[in-house]
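**Q** Please read through the structure below; I'll follow up with questions.
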Amino acid sequence: MTRLRDLPSVDRLILAARADLGDAMPQALLREAARAELDAARRALRHGEAPVPQDLSLEALARGVRARIEQWLTPSLRPVINASGVIIQTNLGRAPLSAAALTAMAEVGRGYSNLEYDLERGERGSRTVHLERLLTRLSGAEAAMAVNNNAAAVYLALIALAAGREVIVSRGQAVEIGGGFRIPDVLRQSGAVLVEVGTTNRTYARDYAAAINERTALLLRVHSSNFRLIGFVHEPALAELAEVGQARGVPLLDDLGSGTLLPTTPYGLAPEPTVQESVAAGADLVTFSGDKLLGGPQAGLIVGRRDLVERLRQHPLARALRVDKTTIAGLEATLQSYLRGRATEEIPVWRMIGAPLETLQARAMAVATALSAAGLQAEVVVCQSAVGGGSLPGETLPSAGVAVAPGPAGAERCAARLRVGAPAIVARIVAERLLFDLRTVLAEDEPALVRRVIEVVAEG
């Protein structure tokens with residue numbers, strides 16, 4: 001039986017572990033891992049939990065040290081193949097970026113850039129100019145800026161324009177959008193005073209008009225991007241609210257949440273208000289996300305009246321919420337795809353939304369054939385994909401997937417092993433089978449998906 005005094009010294013264990021790690025491994029990291037491994041062995045011995053003697057041999061302990069170092073050096077954030085069928089999967093990083101965005105981010109991140117330097121004048125510039133020209137051209141707004149997410153965009157607008165004053169919101173829009181982001185809480189934290197009008201299901205423009213007084217700072221419309229009221233409901237059109245605000249000199253803030261620059265109805269989805277439509281309807285400020293239906297890196301985008309955007313830009317909080325150079329580069333490349341009319345070809349989110357069912361079925365057939373050739377029970381099935389990301393609630397798209405029988409191991413165990421492998425794969429379980437929805441699987445990831453599924457299911 002292994003005893004405490006039989007355990008090797010830290011230095012001896014380091015020497016044994018270094019044999020397979022090479023001289024480049026830092027001594028401090030080796031020492032920390034060796035001490036952690038020996039501490040674990042001592043605890044096991046003291047509590048009678050030690051395995052058979054050879055499990056605490058020098059060789060086994062050295063393997064443990066190497067395993068600890070490998071775990072420490074393995075990035076926690078890593079790529080995942082999304083076979084869940086949810087296109088904008090918040091838990092999986094939302095929108096995959098376009099090749100152009102990735103190239104732009106790498107180029108700008110590789111060295112120095114003119115982030116806040118005017119190359120023509122040879123003097124300090126502003127980081128806001130890089131995105132403003134594209135956002136204003138695409139949206140029709142007078143001015144624009146970017147912060148680190150849409151929640152920050154809404155918060156900045158409220159604190160800069162309405163702190164200590166009233167903001168009028170429909171009672172049916174005083175909601176929790178996600179991740180604890182509650183409109184009443186955000187208003188409270190910004191110093192603004194929430195004034196609810198109408199009822200949960202029916203609110204009219206006249207309700208807003210009746211609530212306006214000398215303390216009113218903003219009218220706020222919160223788009224129901226992740227929920228829907230149906231039945232006996234009514235809410236005023238954005239243009240109606242704009243008329244109310246203009247008549248009384250009160251700006252209208254339209255929080256689109258996800259936001260889109262492209263219409264959704266051509267893809268068989270319910271109409272989602274576009275940013276251009278909000279600007280054209282008279283919204284004085286419009287906020288929306290950069291990493292959802294826009295398909296870029298995480299950001300909150302603000303477009304609208306020049307004087308209001310300038311007030312937001314000059315607020316002290318704007319510096320704390322600003323985006324970095326790589327985010328700007330990725331957003332600029334993404335917006336250029338829209339300007340060139342190439343968004344549906346170049347931006348992954350829109351390629352997935354617009355993928356024809358026939359194309360998906362052909363891809364699913366190729367995957368199923370490869371899996372069947374390896375001895376797995378796989379078949380092409382019709383399934384439903386969701387847009388996700390708080391966009392188009394309840395809306396789905398017909399899709400094609402591959403259902404795989406997991407064998408004796410069971411679907412839950414196979415799905416768990418797929419999640420922790422390399423590459424990690426997230427799938428659905430339907431009727432005790434693994435379901436891989438091809439709409440959200442990038443075509444270049446299909447060979448890796450096939451290889452991992454064969455490994456996991458065949459091994460049982």
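Where a number appears in this text, it was derived from the coordinates with a stated rule and is not lab data. Bear in mind the structure is a predicted one, so any value in this text is a computation, not a measurement. Cβ atoms come from the backbone with ideal geometry, glycine included; neighbour counts cover every protein chain shown.
**Q** Quick one: Cα centre-to-centre distance for region 339-410 and region 133-158, in angstrom?
**A** 33 Å
**Q** Continuing with the same structure: Please report the equivalent ellipsoid semi-axes of region 34-142, computed as sqrt(5 x eigenvalue) of the Cα gyration tensor, largest first, in whole Å. Display every interim value, and only then the final one.
**A** Values: eigenvalues 566, 89, 28 Å².
For region 34-142, the semi-axes come out at 53, 21, 12 Å.
**Q** Rounded to the nearest angstrom and ordered from largest down, what semi-axes does the equivalent ellipsoid of region 222-315 get from its C-alpha gyration tensor (root of 5λ)? Intermediate results must be reported in sequence, preceding the final value.
**A** Details: eigenvalues 101, 76, 24 Å².
The equivalent ellipsoid of region 222-315 has semi-axes of 22, 19, 11 Å.
**Q** While we're here: Determine how many Å³ per residue the convex hull of the Cα atoms of region 109-243 encloses. Let's see the in-between values first.
**A** Details: hull volume 22.9 nm³, N = 135.
Spread over its residues, the Cα hull of region 109-243 gives 169 Å³ apiece.
**Q** Something else about it: Could you please report the charge total around THR274, scoring K, R as +1 and D, E as -1 over all other residues with beta-carbon less than 15 angstrom from its beta-carbon?
**A** Details: positive: ARG137, ARG221, LYS292; negative: ASP254, ASP255, GLU272, GLU277.
So the surrounding residues net to -1.
**Q** Quote the FRET efficiency, to the nearest 0.05, computed for ALA40 versus ALA458 with a Förster distance R0 of 25 Å and r equal to the Cβ-Cβ distance.
**A** Computed FRET efficiency for ALA40 and ALA458: 0.15.
**Q** Which value in nm describes the separation of the simple spin-label points at ALA270 and ALA405, placed 7 Å from the Cα toward the beta carbon?
**A** In this crude label model, ALA270 to ALA405 measures out at 4.0 nm.
**Q** Would you tally the net charge around ARG248, using a Cβ to Cβ cut-off of less than 14 Å, leaving ARG248 out, and scoring K and R as +1, D and E as -1? Provide the component values of the computation, followed by the final result.
**A** Values: positive: ARG165, ARG206, ARG215; negative: GLU166, ASP207, GLU214, GLU240, GLU243, ASP284.
Net of charged neighbours comes to -3.
**Q** Cα-based Rg (one decimal) and Dmax (whole number) for region 97-346, in Å?
**A** 18.2, 61
**Q** Show me, bin by bin at 10 Å from 0, the whole-percent P(r) of the chain based on Cα pairs.
**A** 4, 17, 21, 20, 17, 13, 6, 2, 0
**Q** Related question: Okay, helix-only estimate at 222 nm for the chain: each DSSP H run of n ≥ 4 adds -39500 (n - 2.57), divide by all residues, round to 500 deg cm²/dmol; what do you get?
**A** Values: 18 runs with 196 residues, N = 460.
The helix contribution divided over the chain gives -13000 deg cm²/dmol.
**Q** Loop-only check: which trypsin sites (Lys or Arg not before Pro) in region 67-142 are DSSP coil with at most 16 other Cβ within 10 angstrom?
**A** Details: sites: ARG68, ARG94, ARG110, ARG121, ARG124, ARG127, ARG133, ARG137; in loops: ARG121, ARG127.
Hits after loop and neighbour filter: ARG121.
**Q** Output wanted: per-residue J couplings in Hz (rounded whole) for region 416-433, from phi through Karplus 6.51 cos²θ - 1.76 cosθ + 1.60, θ = phi - 60°, x for Gly and Pro.
**A** 5, 5, 5, 5, 9, x, 10, x, 6, 10, 10, 10, 9, 10, 10, 6, 6, 10
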